[in-house]
Every structure is written in structure tokens, then in C-alpha cells.
Amino acid sequence: MVDIQIGKKQGLTQAVATKLGLSKDDCKKIDVSVWQQVVQEIDNEQQSINQHNKANPNDPKASIFTGGNDVSTIDQKENWKTNFKTKEGSFSLSDESWNKISGLLGKPVETKPEEKPQETKPEEKPTEAKPEAKKPDGKVLKRSVDGEKTQIVVRKDEHGRKVRHELNPDGTEGDALAATRTFGKNKYISGDFPAQTRIYERTVDGKKDVQIGVYKDDNGNKVRKLVVTDEKTGKPTLGETLIPVTTFGKNTYITESQFNAKVRQDLGLKGDQKVPQNIDAEYSHGTIKYSENGKTVTKDYVKSLIEPQDGGKTEK
């Protein structure tokens, strides 16, 4: 039999992940359908306990679950308070059930008894894991990250800006953090963000409640970008630069690609025609304004500088 320890305020799947040594990032990569199979395997064990207790009322075994056990609702967070609840302490699984669960979660149990001691010698574990090998460079705090209480480390970079990261179990820095709330105890989302990025919900390209990230670059200039999901890592990061459209009340924005398309349309550019060099465009009071070397110019002036469609280089 294998004993699973249930810590204070710890859920069933968290206890299984802890037993297998899975990190928070490891758990995020596991599909919900796999967790359903894991919980189904534990539920099978519960059914065996129920059958034993029915046949042996004077010799009952302790029940694993104290609430419901509807496997199909495991992905519905609102049901976690009633489904798959367990008592703090421990419960036991058969070796067969535990081997199946370990295999589902990518941690198959070694089946060669004679090889196990060679791979898991107590003297060799510290040299591989070295949990105390590195101390965090900054201040360690406990904050809400992606909706869960997590240890984070806060330090300053070479520009004096506060940099926040998740703290890995080995003391190294994990994903960068961006603040979604900055009053009281800050709340964060993890991903790939510049230092001191703050997350807001604003109107972008006419769509309301779109997440944007705001931060200052190395020169102290405020930068606003769209929050997107990295296709390779699946984590939040910053995408296109945003252009302010209105700046009263809550700012509204347009993506740089949409703005460039509107500029081309405003100037009547076709084919390979380009905006003349030294000409800058920006929104001002809801309309596109143009300037040359910092001096405001008219749209007609800009159009007079545009090369014909079959022309050569753009005028300076």
C-alpha cells in the first residue's frame, strides 16, 4: 500500500502531485483529461472500500472522500468545495492503483526491485537536487499569482526597477510577474514581462476589456503593449505596441498594425508606396496628425512628398 498525505487546506490532486514531486509548472502542463483519469483511479479505490465496508460492517476501512466524486466536473472550479473533498491526514492506495497514477502523470514506478536502491541512494539525492544550493537574491514574499498563493522574490535590476519573479523550489527565479492589482497586497499573473509591468483592461481596436501591459523602458519612456499568449510556451507575454486614441477617462487604444493601416488609407498609399522619411504620425483628439522633424505639417504637404507608385526611393 502507498500512503498519501493530505496537508492543511490541500486538495486531492495537490496531494498526489506533492507525493510525486511535481512542481506547479509541471501540473499546469498536465491536461484536465489526465487528471480525470487520476481521480477516476482513486474513485475506483473508494468503490473497493465501499464494497469491503458493506460486507464487513464490523471491520470498516476509512473512506477517502468526504464529499461528492463526480469525475466529469473536475475542470469546474466552483465544484471543488463539494467534490473530491478529503480529510486532513492520509489515505492509502493499493500499489496497483498508485502505479497507474504514477504512469498517467509521467512518473512511472520502477519495476526492477534490484535496481531501485542504486538509483535512489540517499547519499546521491542531495547531489542532484541541492535544495539549499542557492539562496534568492532578493526579498521573498507570499503573494497571489495566477489565483494561487505562491512565494515570489523581489529584487532591483541595474536600472533600480523592482523585478518580481515566481520562486522555484530550488531557489532560482521562475516566470516574470506582472501586477494586476497594486493596492493592499499586490496580485500578479506569471509569464514573460519586462520589469514593473502593470496589467490593465482597456478598449483596444474597438473591443472592450482587453488586457494591456504598461511599463517603462530603459530610457524611462512609458510603453503600452497588448497582452497575448506566446504560441511556443503557452504563457502570457507582451505583443503589439499600442497607440493612444483617446486620453481622457480610461484611455482607448489601437494596435500599431491597425494604426499604420489607417495612415496608409488616410494618405491614399497604394502598393509599395511608403510614408515619406522623417514624417511621423499620431492620433490627436481622435484624428491623425503629421509632423516632420518635430514640426506639425499638413496632410497635403505629406502627400506631396509621396513617390509615385512606380517610383524609386522615398524622399527625405
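Proximity of backbone amide H atoms, modeled 1.01 Å from N, is registered between VAL297 and TYR290, SER291, GLU292 at under 5 Å, excluding neighbours fewer than 5 places apart on the same chain.
With a threshold of 29 Å on the Cα-Cα distance, the over-threshold entries among LYS187/LYS235; LYS19/LYS162; LYS28/LYS262; LYS28/LYS250; LYS232/LYS274; LYS187/LYS262 are LYS19/LYS162; LYS28/LYS262; LYS28/LYS250; LYS232/LYS274; LYS187/LYS262. Taking a ≥ b ≥ c as the square roots of the eigenvalues of the Cα gyration tensor, the range 234-281 is classed as oblate, since a/c reaches at least 1.5 and a/b does not exceed b/c.
Each label was represented as a point 7 Å from its Cα along the Cα-to-Cβ direction; for GLU88 and ALA261 these points are 5.6 nm apart. Heavy-atom surface analysis with a 1.4 Å probe gives the range 202-316 a carbon and sulfur content of 44 percent of its accessible area.
The H on the amide N of VAL245, modeled in the peptide plane, is under 5 Å from the matching H of THR252, TYR253, ILE254, each at least 5 residues off or on a different chain. In sequence order, the range 13-18 has phi-based couplings of 5, 5, 5, 5, 4, 5 Hz under the Karplus curve 6.51 cos²θ - 1.76 cosθ + 1.60, θ = phi - 60°, and Gly or Pro positions carry x. Converting phi to 3J(HN,Hα) with the Karplus coefficients 6.51, -1.76 and 1.60 and the offset θ = phi - 60°, the range 276-287 yields x, 5, 6, 9, 10, 10, 7, 7, 9, 6, x, 10 Hz in sequence order, with x at every glycine or proline. For the range 237-250, putting each phi into the Karplus relation 6.51 cos²θ - 1.76 cosθ + 1.60 with θ = phi - 60° gives couplings of 7, 9, x, 5, 5, 10, 9, x, 9, 10, 10, 9, x, 7 Hz, in residue order, rounded to whole numbers and with x for Gly and Pro. Separation of the range 1-48 and the range 246-316, taken as the distance between their Cα centroids, equals 57 angstrom. Taking Cα centre as origin and charging only the Cβ of basic (Lys, Arg, +1) and acidic (Asp, Glu, -1) residues, the dipole magnitude of the range 184-245 rounds to 300 debye. Among 278-286, 90-98, the peptide with the highest mean count of other Cβ atoms within 10 Å heads the list, and the full ranking is 90-98, 278-286.
The values are calculated or read from the model by the stated rules, or taken from the named source; none is laboratory data. As the structure is a computational prediction, the values presented were derived from the model and not from experiment. Glycine gets a Cβ as well: all are built from the backbone with ideal geometry, and neighbour counts include every protein chain shown. All accessible areas refer to the heavy atoms of the entire protein, side chains included, with ligands and DNA or RNA removed. Shrake-Rupley method; radii C 1.70, N 1.55, O 1.52, S 1.80 Å.
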